[in-house]
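Peer 1: Once you've had a glance at the structure underneath, I'll fire off some questions.
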Amino acid sequence: MKKPRLKLKSQLVLVNALSKVVIILLLIFSIPWLINSLSIKDTDQNLEKKLDEVLVLIDSLGIENFIEDDSEFQAFGSYNILKEEYISIEILNQDTLINQISFTQRIIEDEMVDYRVLSYSYQYNHRFYLIEIGKSIATIMLFQKQMQQFVMIFMLIILVITIIIEFSIIQYFLLPFDLIIEKLKNTSHPSKFDYTLTNTSTLDFNYLERTIHDLMRKIETSFNNEREYISNVSHELFTPVSIIQSKLDNIIMEGNLSEEDMLKVYESKQTLGRLTKMIRTLLTLSRIENEEYLRKDEVELVSILKKVAGELEELIGAKNLELIQSFSASEIKLLGNEELLFNMFYNLINNAIKYTNHGFIKIESLLINNQPVIRISDSGPGIEPEHLPFIFTRFRKFKTGKDNFGLGLALAKKICDYHRIEVLVSSEFGIGTVFELRIKTS
Amino acid sequence: MRILIVEDEKSLAREIQHFLEKEHFKCDLAFNAAQASEHITVNPYDFILLDIGLPDANGLDLIPEIHKHNSDAYIIIITARGELADKVDGFNLGADDYLPKPFSLIELHLRIQAITRRKFGHSQYLIGFGNFSIDTKARVFQFNQIPIDLTKKEYDLLSYLVMNKNRVLDRMQLTEHIWGAFFEDDFDSNYIDVHIKNIRKKMQPFDDSNWIKTIRGVGYKFESAE
């Protein structure tokens, strides 16, 4: 599929303008040609009428009035002062019949003039005469040029005016459409959707909007049901857990039991703790999927990273690992949820510490091709290549190791997705693992 | 100090009561909103633990009533619903704290202590045992005015144990307190042992007595007769 780039409004205006330009170009080139051929036809008719008049004159006055037998030049010529027209009669020494109209150039008084010339052979007293009637076409050419300019200017003005008018009309008619689109763009969550109908006289838009509203209501309802459900599950599961935990807390704190019984109670509490954390993580996953977390804080990732590193510094020290921190990108800002992002970094770094028994934990922020990147690397045992694609899958168990990636990484991945952060994992078995987070800043 | 516990799970309410009464708080119980209203209008309370999911009402609806009759009471919301909106609404309505269930009773006690300190402007930020003293304001640990250098987590751990003296604190509780209740489900709480070992090592040159008792396999107890 092609990536859409243009708005409907722009497309309409563009197509309209283009078709107009084509039509106008056609007109600009065809109108002068039309005028030209029309005026030539007109000229030709004129010439023929003039010929008839001349012939009538010759008939009534006799050819001797034009060509005297004894004159030096056996020809007659006449043109008016502006050299727009001329008539010439001369004796033709052959008996070919000529009757044609053509363009010719004549030099008259050292001036080259373009003429449309009617040549006609005429028999009078057993002699052939050639009558030529010419009409200057300079005026025609001039007219043609002027016409072309005029048409061009006129058409350009028309073009601009019509485009402006059309643009405003399209703008006007598509305004409701724009408003609907704008409303959708501004809606981050169905619960925030504004259900007031856009004022429009266009039936299609109205239908479109009503359909969107119906769908939005359905989505909103399902979001709400889901939220309600998560909340109920949370309540139903955590209430009994809470009761048991309080009782166990009281038993342990009082410390009146035998060592053996204390241990049993503590083990029960640990199991309960595991259950609690699992439920909490699952509920958090569901809440993220249901988009219940706001992403409105202006969050600075490097400072969160430093805070998490500070929290886990002593743990790293306790395992005799080296903590390497390098923040060459000193500030990475994005709109998000600080609490979730803190948890995500905590999970990733804690995970790295958990599996690494010697060497280092490295936390970096840097810019790669202007894109902010955060890298968390360790010198741990690495992840086997066949497991790598599944480390973000919930409860995935692996045959070989006893390791179960649990829910921690699934949650980290989900939080990254929620913030449009791309996560890349590379791991070399026996050498270490690198989590690379590529951040799209707003 | 008088506390009203508004909680529909009777078993849980009694467990909280049992714990708080040992801490010398006087506790009343209300298992629904109607009972709670009755208590609120009649008795003055310093703290009200308020569950949101009551059978006959939303706990948050009681907040205006509390403000009317018990304007000095501190309201701590407790809920198992985990709704993010509840937390925001609760604070907007004027609740002072929020504890998601399940919570540790010690954590509840710490919150109450913190609020009490704020409320009564307690100058009680110095806790002493033997010749040691902990300044909770400056976060300094001293022996006869000689400062003993503790790391941040060691300090947190020691002051937590001292503040809950003569009580067994299990490793899970200690872990959650100093590292937070994060989402990992199999956190290795043995690091607590490393930190305790370091604290003991740092205290030993000054005072050889066994302040922090090990409860084998479970956790630690700070013992002091004072």
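The values are calculated or read from the model by the stated rules, or taken from the named source; none is laboratory data. Treat the numbers as computed from the prediction; the structure is a model and nothing was measured. When we count neighbours, we look across all protein chains shown, and the Cβ atoms used for this are built from the backbone with ideal geometry, even at glycine.
Peer 1: Condition (residue is under 18 Å from residue B:199 (Cβ atoms) and in a helix (DSSP H, G or I)) applied to region B:111-128: is it met by at least one residue?
Peer 2: no
Peer 1: Could you tell me whether any residue of region A:211-224 is among the aromatic types (Phe, Trp, Tyr) and within 26 Å of the chain's Cα centre (by Cα)?
Peer 2: Initial filter on region A:211-224 (among the aromatic types (Phe, Trp, Tyr)): A:223.
Subsequent filtering for residues that are within 26 Å of the chain's Cα centre (by Cα) retains none.
No, region A:211-224 contains no residue that is among the aromatic types (Phe, Trp, Tyr) and within 26 Å of the chain's Cα centre (by Cα).
Peer 1: Let me ask something additional. Do you know which of the residues in region A:293-317 that are among the β-branched types (Val, Ile, Thr) and part of a helix (DSSP H, G or I) is farthest from residue A:224 (Cα to Cα)? Lay out the reasoning, then the answer.
Peer 2: Of the residues in region A:293-317, the ones among the β-branched types (Val, Ile, Thr) are A:299, A:302, A:304, A:308, A:316.
So of that shortlist, the ones also part of a helix (DSSP H, G or I) come out as A:302, A:304, A:308, A:316.
Details: A:302: 35, A:304: 31, A:308: 33, A:316: 42 Å.
Here the residue is A:316.
Peer 1: Of all residues in region B:108-119, which are within 14 Å of chain A (Cβ to nearest Cβ) and either modelled with pLDDT of 90 or more or over 23 Å from residue B:157 (Cβ atoms) (or both)?
Peer 2: B:108, B:109
Peer 1: Hey, another quick one. Among the residues of region A:67-85, is any in contact with a strand residue (DSSP E or B) (Cβ under 8 Å, 6 or more places away or on another chain), of a type in the set (Val, Ile, Thr) and modelled with pLDDT under 75?
Peer 2: no
Peer 1: Additional query: Only one residue in B:159, B:209, B:133, B:224 is among the small types (Gly, Ala, Ser), away from chain A (no Cβ under 13 Å), assigned to a helix (DSSP H, G or I) and out of contact with any Asp or Glu (no Cβ under 9 Å at 6 or more places or on another chain), so which one is that? Show your work before the answer.
Peer 2: Working: B:209 fails: assigned to a helix (DSSP H, G or I); B:133 fails: assigned to a helix (DSSP H, G or I); B:224 fails: assigned to a helix (DSSP H, G or I).
On inspection, the qualifying residue turns out to be B:159.
Peer 1: For residues that are more than 24 Å from residue A:14 (Cβ to Cβ) and of a type in the set (Val, Ile, Thr), scanning just region A:156-199, find the one that is surrounded by the most Cβ atoms within 10 Å (Cβ to Cβ).
Peer 2: A:198
Peer 1: Do the conditions hold for residue A:226, that is, is it loosely packed, with under 14 Cβ neighbours inside 10 Å, within 13 Å of chain B (Cβ to nearest Cβ) and either within 21 Å of residue A:287 (Cβ to Cβ) or in contact (Cβ under 8 Å) with a residue 60 or more places away in the chain (or both)?
Peer 2: No; evaluated as a whole, the condition is false for this residue.
Peer 1: Another question, if that's okay. Of the numbered conditions (1) loosely packed, with under 15 Cβ neighbours inside 10 Å; (2) touching a residue at least 60 places away in the same chain (Cβ under 8 Å), residue A:102 fails exactly one; give the number of that condition.
Peer 2: With respect to (1) loosely packed, with under 15 Cβ neighbours inside 10 Å; (2) touching a residue at least 60 places away in the same chain (Cβ under 8 Å), residue A:102 is out only on (2).
Peer 1: Suppose we filter A:256, A:350 for residues that are assigned to a loop (DSSP other than H, G, I, E, B), at pLDDT below 90 and either under 26 Å from residue B:193 (Cα atoms) or assigned by TED's automatic domain parsing to the domain that holds residue A:228 (or both); which single one remains?
Peer 2: Step by step, each of A:256, A:350 is checked, and only A:256 is assigned to a loop (DSSP other than H, G, I, E, B), at pLDDT below 90 and either under 26 Å from residue B:193 (Cα atoms) or assigned by TED's automatic domain parsing to the domain that holds residue A:228 (or both).
Peer 1: Continuing with the same structure: Is there a residue in region B:191-204 that is at pLDDT below 85 and within 11 Å of chain A (Cβ to nearest Cβ)?
Peer 2: Yes, region B:191-204 contains a residue that is at pLDDT below 85 and within 11 Å of chain A (Cβ to nearest Cβ).
Peer 1: Somewhere in region A:333-349, is a residue within 10 Å of another protein chain (Cβ to nearest Cβ) and surrounded by fewer than 19 Cβ atoms within 10 Å (Cβ to Cβ)?
Peer 2: Yes, because at least one residue in region A:333-349 is within 10 Å of another protein chain (Cβ to nearest Cβ) and surrounded by fewer than 19 Cβ atoms within 10 Å (Cβ to Cβ).
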